[in-house]
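Okay, so here's the structure we're looking at.
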Amino acid sequence: MGQNGTGPNGTRNSGPRCIALVGPFQSGKTTLLEAILARTGAIQRQGTVDAGTTIGDASKEARHHKMSVEATFATTNFMGDQYTFIDCPGSIEFIQDMRSVLPAVDAAVVVCEADEKKVPQLQLILRELEDQNIPHFLYLNKIDKADKRVRETIKLLQPASRVPLLLRQIPIWNGEIISGFVDLALERAFVYKEHAPSEIVDLKGEDLNREKEARFTMLETLADHDDELMEQLLEDIQPPRDKVFDDLAKELRDRIVCPVLLGVATRSNGVLRLLKALRHESPGADETAKRLGVKAGSDAVAIVLKTFHTTHGGKMSVARLLAGQAGDGTTLSTTAGEAGRVSGVFKLMGQHFDKRGQATSGETIAFGKLDSAKTGDTLSSGKQPHAELTQVKPYAPVLAISVQAKERKDDVKLGPAFTKLTDEDPSLSVVHNAESHEVVIWGQGEMHLRVAAEHLADRFAVPVSTRPPSVGYRETIRKPITQRGRHKKQSGGHGQFGDTVLEIKPLPRGSGFKFEDRITGGVVPRNYIPAVEEGVTDALKHGPLGFPVVDLSVALIDGSYHTVDSSDQAFRTAGRIGIVEGLPQCQPVLLEPIHLVEIVCPTEATAKMNAILSGRRGQILGFDTREGWNGWDTVRAQMPEAEIGDLIIEVRSATAGVGSFIFKFDHMAELTGRTADQIIAARRAAE
Ligand SMILES: Nc1nc2c(ncn2[C@@H]2O[C@H](COP(=O)(O)OP(=O)(O)O)[C@@H](O)[C@H]2O)c(=O)[nH]1
Ligand SMILES: [Mg+2]
């Protein structure tokens, strides 16, 4: 047992670990990483988020926005073992970075604070950990600001977790301030020291009584899954300390409890206990490899946690090696083919990458120059590529921007830049809209897209301008008409002649376009009829209101021709003229796309959602409790595409950042009145 009593070394995993620091926005993850790095000697002095001196958040974008916008990796050593910590962004917009690294970590530390408003965010993050089967601790941070009992805080946070939150430390209060803690497994009291290990003190008086009571509660929870311990408790037998540690480790790894530790990241309080808990209780790389189904052998197997393109060092792929060894020159493949040859293995420390030697199983490192590796890929060195170990499907996107290179000459660079962008972050996607000639980036929110645009400029040297993407308006007609379309030109020698009579009729919504040939007696020769149809189709791309025309039929019912002057070209033009002249008389009307939207939000925000939806011309179809989500609702509505455009911004601000939605096209609906007039006028102005 170590100096502070550190549990059974027998069950302890050794070797490199990989630990994710996750949790709501602003809960102290970046600060905790800094404290860990200082405590383990990886950095000289603990920097602060407020001064912008931390290892995490050191990217230009993170400093600029004063928030973590992507995962930061840092490797350090603690008591002879290597640890890589990953500071994951807390905002839902950047949650993909967390979701991509989770499969490969041994455990996660959920940093949170006693703030009721952040419970839904906490729940969202815990749900990811629960769904991906990742053992996790809760580090209840900022207890220097605590204004309520820790037990009350646990009660407040418990609904966010599917497994019991297991309080394993209780605070020692000194008046209004928490001055230290009692570790319930060790049964020892500690007094916090700023930026230094806590000092052991005697446990006595009232603290001793509270310790007994809280320890009993902790043991009771553990005993729910351990009959032997249950018997000991019933018979009033004190379980041996090692047994308690073993149970804590086992139930954490089985993910049936979530142990809670206390701390103050800014002062590095509770950090050593956290590190020791990780050392003794978190699974090691072998267990993680087993959880993922890594086939044991001599080949290297790794998961790409994140790829990024550095301005000078080229492409870097941060990866966790889960079997074998990999170094300079190792060729790695994915199931899609060769990913590249490793050129440089790097140690991770925020924005700094230090070249090092070959990596061995369990280590988290960056590989240089794996040109085809993407975030989430499974890499392997064997002849036969290893099966994909993870499949983290990104959340459906909720917001889009249309982007264009600021300078014409950069147009050619856009395509490759988009590939890099989406390789790095699978929750971004790029869509080319052939109809509007727009390139549209879809993402997880306003800040996510803003940062993506910044990356295009800063990392890939393509400054872009952005605007809202166009809405897929259409138009149709309400009245039938029969219209002659005639094209006659006599210019010198060879003339042009085509003559058509078109019957134009509205069709029911969703019918699209139908062309009919009702020519009898060869008044328009058969071979010209496809040309008439072409002319008609072409004219329908741009109706009298400025949009593609749908839900109508056009029948060619009559016409005439000229033996010398008629041609495909002449009939194409004639068909075109018939439509252009006919449609304005058919009472054209605007059609707008209506989508089915499903919003998810904490129940207390449901009323606000209803108001937001109604305010945006939405038709509420109903709401229900969200299946499997304690305290959440689902609201379903039909909503115009134009109103969905920036809907997410309002939804997020009404739900402390956690609300979201999915949508899919439902139908086109007629739009008239002022809104329609404005849309038509805007279209005209743009032409
Ligand atoms: N009082 C107090 N403030 C803290 C503590 N930990 C972090 N903070 C502050 O909380 C804010 C958010 O911290 P940060 O590490 O950026 O949170 P993150 O968004 O989770 O990475 C910063 O202003 C920190 O200085 C703590 O233990 N106590
Ligand atoms: Mg942060």
| Among all residue pairs at least 6 apart or on different chains, which show Cβ distances below 9 Å where the first residue, located in the stretch 624-647, is within 25 Å of residue 401 (Cβ to Cβ) and in a strand (DSSP E or B) and the second is of a type in the set (Ser, Thr, Tyr) and at pLDDT 95 or above? | none
| query | Pick from the stretch 89-100 the residues that are away from ligand 2 (no atom under 14 Å from the Cβ) and under 14 Å from residue 131 (Cα atoms): which of them is surrounded by the most Cβ atoms within 10 Å (Cβ to Cβ)? | reply | 100
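Quick grid of which residues meet (1) open to solvent by 70 Å² or more (accessible area, probe 1.4 Å); (2) among the charged types (D, E, K, R); (3) in contact with a Cys (Cβ under 6 Å, 6 or more places away or on another chain):
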position: 174; (1), (2), (3): yes, no, no
position: 179; (1), (2), (3): no, no, no
position: 183; (1), (2), (3): no, yes, no
position: 186; (1), (2), (3): no, no, no
position: 201; (1), (2), (3): no, no, no
position: 209; (1), (2), (3): yes, no, no
position: 214; (1), (2), (3): no, no, no
| request: For the stretch 27-54, enumerate the residues that are at positive phi and either open to solvent by 20 Å² or more (accessible area, probe 1.4 Å) or away from ligand 1 (no atom under 12 Å from the Cβ) (or both). | output: 41, 52
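Here is a check on your reading of the model: is residue 405 surrounded by fewer than 21 Cβ atoms within 10 Å (Cβ to Cβ) and out of contact with any helix residue (DSSP H, G or I) (no Cβ under 8 Å at 6 or more places or on another chain)? Give the derivation first.
Numbers: surrounded by fewer than 21 Cβ atoms within 10 Å (Cβ to Cβ): yes; out of contact with any helix residue (DSSP H, G or I) (no Cβ under 8 Å at 6 or more places or on another chain): no.
Criteria not met by residue 405.
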| task | Look through the stretch 55-65, keep the residues that are open to solvent by 10 Å² or more (accessible area, probe 1.4 Å) and within 13 Å of ligand 1 (Cβ to nearest atom), and return whichever of them is farthest from the chain's Cα centre (by Cα). | result | 55
| If you scan the stretch 391-423, which residues turn out to be free of Cβ contacts under 8 Å to residues at least 40 places away in the same chain and among the hydrophobic types (A, V, I, L, M, F, W, C)? | 412, 418, 421
| What number of residues in the stretch 220-242 are farther than 19 Å from residue 161 by Cβ and either surrounded by fewer than 16 Cβ atoms within 10 Å (Cβ to Cβ) or touching a Ser or Thr at 6+ places or on another chain (Cβ under 7 Å) (or both)? | 12
| request: Within the stretch 341-369, work out how many residues are open to solvent by less than 10 Å² (accessible area, probe 1.4 Å) and either over 24 Å from residue 83 (Cα atoms) or more than 27 Å from the chain's Cα centre (by Cα) (or both). | output: 4
| field | Residue that is farthest from ligand 1 (Cβ to nearest atom), among those in the stretch 117-159 that are part of a helix (DSSP H, G or I), open to solvent by 60 Å² or more (accessible area, probe 1.4 Å) and among the basic types (Lys, Arg) | value | 155
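Taking the stated definitions as given, is residue 292 buried (at least 20 other Cβ atoms within 10 Å of the Cβ) and hydrophobic (A, V, I, L, M, F, W, C)?
no
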| query | How many residues does the stretch 56-73 contain that are under 13 Å from residue 86 (Cα atoms) and among the charged types (D, E, K, R)? | reply | 2
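Output the number of residues of the stretch 66-85 satisfying the condition of being part of a loop (DSSP other than H, G, I, E, B) and more than 16 Å from ligand 1 (Cβ to nearest atom).
Count: 2.
Would you check if residue 21 is within 13 Å of ligand 2 (Cβ to nearest atom), in a helix (DSSP H, G or I), modelled with pLDDT of 95 or more and of a type outside the set (Gly, Ala, Ser)? Spell out the reasoning first.
Details: within 13 Å of ligand 2 (Cβ to nearest atom): yes; in a helix (DSSP H, G or I): no; modelled with pLDDT of 95 or more: yes; of a type outside the set (Gly, Ala, Ser): yes.
So residue 21 fails the test.
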| field | Test set (1) polar (S, T, N, Q); (2) in a helix (DSSP H, G or I); (3) closer than 30 Å to residue 147 by Cα - residue 96 fails condition number | value | (3)
| said: Scan the stretch 263-274 and tell me whether some residue there is open to solvent by 10 Å² or more (accessible area, probe 1.4 Å), of a type in the set (S, T, N, Q) and touching a residue at least 60 places away in the same chain (Cβ under 8 Å). | reply: yes
| field | Condition met for residue 485 (open to solvent by less than 20 Å² (accessible area, probe 1.4 Å), within 19 Å of the chain's Cα centre (by Cα) and not hydrophobic (A, V, I, L, M, F, W, C)) | value | no
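Would you mind stating whether residue 60 is in contact with a helix residue (DSSP H, G or I) (Cβ under 9 Å, 6 or more places away or on another chain), basic (Lys, Arg) and within 13 Å of ligand 2 (Cβ to nearest atom)?
On the way: in contact with a helix residue (DSSP H, G or I) (Cβ under 9 Å, 6 or more places away or on another chain): yes; basic (Lys, Arg): yes; within 13 Å of ligand 2 (Cβ to nearest atom): no.
No; evaluated as a whole, the condition is false for this residue.
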| query | In the stretch 551-567, how many residues are open to solvent by less than 30 Å² (accessible area, probe 1.4 Å) and at pLDDT 95 or above? | reply | 7
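Suppose we filter the stretch 580-604 for residues that are assigned to a helix (DSSP H, G or I) and either among the charged types (D, E, K, R) or open to solvent by 60 Å² or more (accessible area, probe 1.4 Å) (or both); how many remain? Please lay out each step first, then the result.
Filtering the stretch 580-604 down to residues assigned to a helix (DSSP H, G or I) leaves 580-586, 603-604.
Next, only the ones that are either among the charged types (D, E, K, R) or open to solvent by 60 Å² or more (accessible area, probe 1.4 Å) (or both) stay: 580-581, 584-585, 603-604.
Of the residues in that region, 6 qualify.
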| query | Quick one: residue 536 ticks every box in (1) within 14 Å of residue 580 (Cβ to Cβ); (2) touching a residue at least 24 places away in the same chain (Cβ under 8 Å); (3) out of contact with any Cys (no Cβ under 9 Å at 6 or more places or on another chain); (4) not in a helix (DSSP H, G or I) bar one, so which box is it? | reply | (4)
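Looking at residue 176, is it under 20 Å from residue 111 (Cβ atoms) and of a type in the set (D, E, K, R)?
In short, no.
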| note | Looking across the stretch 661-681 at residues that are in a helix (DSSP H, G or I) and of a type outside the set (Val, Ile, Thr), the single one that is most open to solvent (accessible area, probe 1.4 Å) is 674
| request: For the stretch 24-43, state whether one or more residues are more than 14 Å from ligand 2 (Cβ to nearest atom), part of a loop (DSSP other than H, G, I, E, B), in contact (Cβ under 8 Å) with a residue 40 or more places away in the chain and not polar (S, T, N, Q). | output: yes
| said: One residue is enough: does the stretch 330-338 have a residue meeting the conditions within 19 Å of residue 134 (Cβ to Cβ), at pLDDT 95 or above and touching a strand residue (DSSP E or B) at 6+ places or on another chain (Cβ under 7 Å)? | reply: no
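The values are calculated or read from the model by the stated rules, or taken from the named source; none is laboratory data. Just so it is clear, the structure is predicted and the values come from calculations on it, not from any experiment. Positions of Cβ are backbone-derived with ideal geometry, glycine not excepted, and every protein chain shown enters the neighbour counts. Accessible surface is based on the protein model in full, side chains and every heavy atom, while ligands, DNA and RNA are left aside. Shrake-Rupley method; radii C 1.70, N 1.55, O 1.52, S 1.80 Å.
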